[in-house]
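The values are calculated or read from the model by the stated rules, or taken from the named source; none is laboratory data. Quick caveat, the model's predicted, so the values are computed rather than measured. Heads up, the Cβs are rebuilt from the backbone with ideal geometry, glycines too, and the neighbour counts pull from every protein chain shown. The area values use the complete protein model at the heavy-atom level, side chains included, leaving out ligands, DNA and RNA. Shrake-Rupley method; radii C 1.70, N 1.55, O 1.52, S 1.80 Å.
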Amino acid sequence: MDQEQILSRIASMVDDERTLRESLASGAIDVATERARLGAIERELDRCWDLLRQRRAKAEFGENPDEARVRPAAEVEGYRS
């Protein structure tokens with residue numbers, strides 16, 4: 001994925017998050033369903049942001065950004081700020 005594709009995917013998932021919250025508020029889904037789906041979206045968002053950061057870092061240091069790879073959620077989720 002290139003940078004624009006990653007940003008598009010992120011925007012789509014943010015929209016999905018909003019829709020889930022609205023569905024919960026309207027009673028269309030229950031809390032357990034919202035939490036499960038939201039958790040999956042958040043993990044995927046973290047992976048996308050990680051990929052975007054990798055691509056930007058590679059470009060900044062003269063490396064090929066296309067060599068950046070999506071890392072497993074367990075790896076990305078373990079990072080500390």
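Numbers below:
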item	result
Checking residue 28 against (1) part of a loop (DSSP other than H, G, I, E, B); (2) under 20 Å from residue 77 (Cβ atoms), the condition it does not meet	(2)
Test for residue 33: is it open to solvent by 70 Å² or more (accessible area, probe 1.4 Å) and in a helix (DSSP H, G or I)	no
Residue in the stretch 62-77 that is surrounded by 13 or more Cβ atoms within 10 Å (Cβ to Cβ) and free of Cβ contacts under 8 Å to residues at least 12 places away in the same chain present	yes
